[in-house]
Number of protein chains: 2
Amino acid sequence: MSRPTIAAVARAAGVSVASVSRVLNGLPATAEMAERVRRAVAELGYVPDSRARSLKVGRTFQLTLAVADVGNPVYVTMMRAVEEVVSAAGYRLVVTTTGPDVADEVALVRGMARGYADGLVISPLRVDDDLIKSIQECDVPVVVAGNVPARAGVDTVRANSPKGMLLAVEHLLTTKRHKVAFVNGPVDTVPGSARAKGFTDAMKANKLTPVAEVAAEDFTFAAGRAAGRELLEDTPGIDAVIAANDLLAVGVMHELAARGLRVPDDVAVIGMDDSALAEQSFPPLTSVNLGSAERGRRAAELLLARIEDDSRTPRRIVVQPSLSVRRSS
Amino acid sequence: MSRPTIAAVARAAGVSVASVSRVLNGLPATAEMAERVRRAVAELGYVPDSRARSLKVGRTFQLTLAVADVGNPVYVTMMRAVEEVVSAAGYRLVVTTTGPDVADEVALVRGMARGYADGLVISPLRVDDDLIKSIQECDVPVVVAGNVPARAGVDTVRANSPKGMLLAVEHLLTTKRHKVAFVNGPVDTVPGSARAKGFTDAMKANKLTPVAEVAAEDFTFAAGRAAGRELLEDTPGIDAVIAANDLLAVGVMHELAARGLRVPDDVAVIGMDDSALAEQSFPPLTSVNLGSAERGRRAAELLLARIEDDSRTPRRIVVQPSLSVRRSS
DNA sequence: ATCGTTCTTGTAATCGTTTACAGATCAGAC
DNA sequence: GTCTGATCTGTAAACGATTACAAGAACGAT
C-alpha cells in the first residue's frame, strides 16, 4: 500500500482535488469544506509530495550549503548561522560536502540546475575560472562565502584576512615577540593565498621580517603538525607562530609540546577562525575571529534577498575581524 | 530565459522527447541519433530536472543523514563513512540537523514522506514511542544509528557501550586508579542512559564503587566543563574520570587544569568516541573507540540493502569497541 | 515480390501537485 | 421573481520528465 495522494484524500472527503489543495494551502474555503478535508487528511495520514509540488510551483523551499570539509570546526559555526537564518525564513537547509578540489565544486554548482534547491551558499576552497563561470551561469542564486574577484559579479561575503593578520601581528608585538613564523595552508587555495599576502603585509607594516614561512598540505590538524615539525627542525629561535587556521595552530602546538617547548612561555601561538576548537584546545588558543558566524548569517541573508529579487546588483560584504585573546599568547 | 527542457532539446535536435530521454539514459539508439541529441544537449546546456525525473520514476537517488548536533566531532566521523558508502552506490548524500529534542526528530522522520530522499539514516539523541512509531510508519526506509528496542523491528547499528565502559574501567585498574568518577551527558538520552548503566555494571564487575557521578546538561564542551566544576567541588581525591564523550572529557580536563591538577599525573581522564578531538586535545585523550566510522558504514550498507529489498527482516548490528590509549591516562 | 523479424522512433499517458477558468450556488436588491 | 455580484467548487491543463505501446523502417529469407 503506497502513499495516499491528493486524489485519494479528495475521494475520501468527497470533494475535488482542487478543494483539497486549496484547504491545504490556506486559501479561502467554507468551514465545512475545511473540516471534511482535514478529517480525510488525518485519517489517511496524507503528506503532500514535495517533488510534485515543487515541479509545479518551480520552487523547492530548500536551500543548500556546500562546504569543503565538515571536519573543520569553522564550518560548523557557519552552518549554524546559515541554518538559523534560512529556517526562520521557512526554508529547509541541507548540507552537502564537496571534495577538496575545484572540479567537485564545479560539478556541484552545475548540478544545482537539476533543481535540488532554490539557492546555494558555497564556501569554496579553490576558485578558478570554471567555477566562476559555473556560478554565473547557475540557474539558481548562488552566494559565495569566500573571495572571488569583483568582476565575477556574484554576491559574496568574505573575511578581512589582512586586517586579521594585522591584529595578530600587532598583538605579538605588544607582547614582545619578534621572531614570528607563519604556518599557512596550501597557497593555491583562496584562504591560503589571502593569508599569505596578509601576513607579509602585516609584517612589513610593522617593520618585522618573518623568520620562517611554511605551507601545510591542507587545512587539517595532521598537516599542521607536520608543518610544525618542518618549521621547528629548520628554524631555531622562533618565539611566535601564527597559523592560518585553528586546526593548523593546534597541530603546531602539539609539535611544540613534543619538543618540550612551552606555550606561551617559549612560543606564542595564534590561530585563525576562533572556532570552538580554539576554546577547547589546551592552552586555550588565541585566535583571530574572522566572523564566521556573521559571514554565515550575512551570506544566508544575501541569498534570501536574491531569491526575492534576482535583478538586484550583486553585493560584496566584508566582515571585520577581531582578536580573541586566550592563554596561548 | 529559463532552463531548457527536454522538449527544447528534442526540438533543437529534430527528434522526439522520447528519443532524447532514451539517449540520455543510455538505452539503445543509433549513432546518428545519439550524436544529434548530444549536440543539442551541449548546445543548450540542458540538465535534466531531478524533481520531474524522481516524480516519474519514484526515486530521488538522494539519501539523508540526520544528526542532532553538527558540532559534535563524532558525527563528523560518521558522516564521512556514510558519505563514502552511499556515494559509491550512486546516491547523493544530504545532511540535515535535527534539534536536541525528540519532537524535531519525529517531524523530520514524518517529513520524509514528502519524498525528499529514498532513505534516511538517523542518529537520535532521545527516543520515545512517537519516534519509533514514526520510523515504523515512514514511507522510506530508515536505519537508526543508535539504540532502539528490538521490538521496534527496525534496522539498527549501535555501539556496545557497556563493553566500552568495561575497557575503560579495566584500563584504569591496570594503571592503579581506584577513585573513579563518571561524567555523563543527560540521562534521558539514549547514549546517556546506556553509558550510565554500562558504567555502573563495569564498576561492579571490577568490585569498584564510583566516587562520584554527575550528569552534564548536554554532550558539549561547556557542559563538560560545568560538570567538571561541580564534580571537583563536591568530591575530593578523585584519581580518574571517565566521560561519556570526548567533548565532555575535554571540558573536564580544562576544569582540572584550572584547579592546578595535572593530567594524567593527578587525575587520569578517559573519553568516549575516539573522535578527532581526542587526538587534538592536550594531552591527547585516551578514548573508547565506539566504532563511529564502522557504525556509519554499516548503517549506510543496511540502508542500501533495505532500499534494494524492503521485505528483508530487520537487522540489529552491534559494533564492538576498542580502546585508544593516549597520554591522558 | 512478399512475408516475418527485429530494431528504431514517435505518440501519448502518467507521476502528484497547483491553478486558470468556468460553472454553480447563494444572498441581497430591485 | 429576476438580476447582479460575490463566493465557492470542480474540471482540466499544466510542470518536465519516463515509458508502454504502436507504427514505421530495414533487412534477410523464401
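Annotations for the structure displayed:
- Test: residue in the range A:81-89 that is more than 18 Å from the chain's Cα centre (by Cα) and either within 16 Å of DNA strand D (Cβ to nearest atom) or at pLDDT 95 or above (or both): yes
- Qualifying residue in the range B:103-124 (condition: among the charged types (D, E, K, R), farther than 30 Å from A:Met112 by Cα and within 12 Å of another protein chain (Cβ to nearest Cβ)): no
- Taking residues in the range B:125-138 that are farther than 11 Å from B:Asp101 by Cα, and partners anywhere that are modelled with pLDDT of 95 or more and part of a loop (DSSP other than H, G, I, E, B), the pairs with Cβ atoms closer than 6 Å and at least 6 places apart or on different chains are B:Ile135/B:Val154.
- Among (1) more than 9 Å from DNA strand C (Cβ to nearest atom); (2) away from chain B (no Cβ under 12 Å); (3) of a type in the set (S, T, N, Q) - the single one A:Gln62 does not satisfy: (2)
- Residues satisfying the stated conditions in the range B:174-195, i.e. surrounded by 15 or more Cβ atoms within 10 Å (Cβ to Cβ) and free of Cβ contacts under 8 Å to residues at least 24 places away in the same chain: B:Ser193
- Breaking point among (1) assigned to a helix (DSSP H, G or I); (2) within 13 Å of DNA strand C (Cβ to nearest atom); (3) out of contact with any Ser or Thr (no Cβ under 7 Å at 6 or more places or on another chain); (4) among the charged types (D, E, K, R), for B:Arg51: (3)
- No other residue among A:Asp239, A:Asp246 is of a type in the set (Asp, Glu) and either more than 14 Å from every other protein chain (Cβ to nearest Cβ) or in contact with a His (Cβ under 8 Å, 6 or more places away or on another chain) (or both) apart from A:Asp239.
- Being surrounded by fewer than 21 Cβ atoms within 10 Å (Cβ to Cβ), within 19 Å of B:Leu277 (Cα to Cα) and of a type in the set (A, V, I, L, M) is a condition met by no residue of the range A:304-321.
- Subset of the range A:104-119 that is over 23 Å from B:Val70 (Cα atoms) and free of Cβ contacts under 8 Å to residues at least 12 places away in the same chain - its residue that is surrounded by the fewest Cβ atoms within 10 Å (Cβ to Cβ): A:Ala107
- Within the span defined as the range A:228-236, every residue fails to be outside any helix (DSSP H, G or I), more than 18 Å from B:Leu285 (Cα to Cα) and in contact with a Lys or Arg (Cβ under 6 Å, 6 or more places away or on another chain).
- Once the range B:5-45 is narrowed to residues that are outside any helix (DSSP H, G or I) and near DNA strand D (Cβ under 7 Å from one of its atoms), the residue that is nearest to the other protein chains (Cβ to nearest Cβ) is B:Thr5.
- Residues that are touching a helix residue (DSSP H, G or I) at 6+ places or on another chain (Cβ under 8 Å) and closer than 17 Å to A:Ile270 by Cα within the range A:179-193 comprise A:Val180, A:Ala181, A:Phe182, A:Val183, A:Asn184, A:Gly185, A:Pro191, listed in sequence order.
- Some residue of the range A:249-257 being under 23 Å from the mean Cα position of the chain (by Cα) and among the acidic types (Asp, Glu): no
- For B:Ala81: the one exception among (1) in a loop (DSSP other than H, G, I, E, B); (2) more than 11 Å from DNA strand C (Cβ to nearest atom): (1)
- Considering the range B:24-47, the residues that are among the β-branched types (Val, Ile, Thr) and within 21 Å of A:Ala107 (Cα to Cα) include one that is farthest from DNA strand C (Cβ to nearest atom), namely B:Val47.
- Test: A:Leu93 is at the interface with chain B (Cβ under 10 Å from one of its Cβ atoms), part of a strand (DSSP E or B) and either in contact (Cβ under 8 Å) with a residue 12 or more places away in the chain or buried (at least 20 other Cβ atoms within 10 Å of the Cβ) (or both): yes
The values are calculated or read from the model by the stated rules, or taken from the named source; none is laboratory data. This is a predicted model, so every value here is computed, not measured. Neighbour counts run over all protein chains shown; Cβ positions are idealised from the backbone, glycine included.
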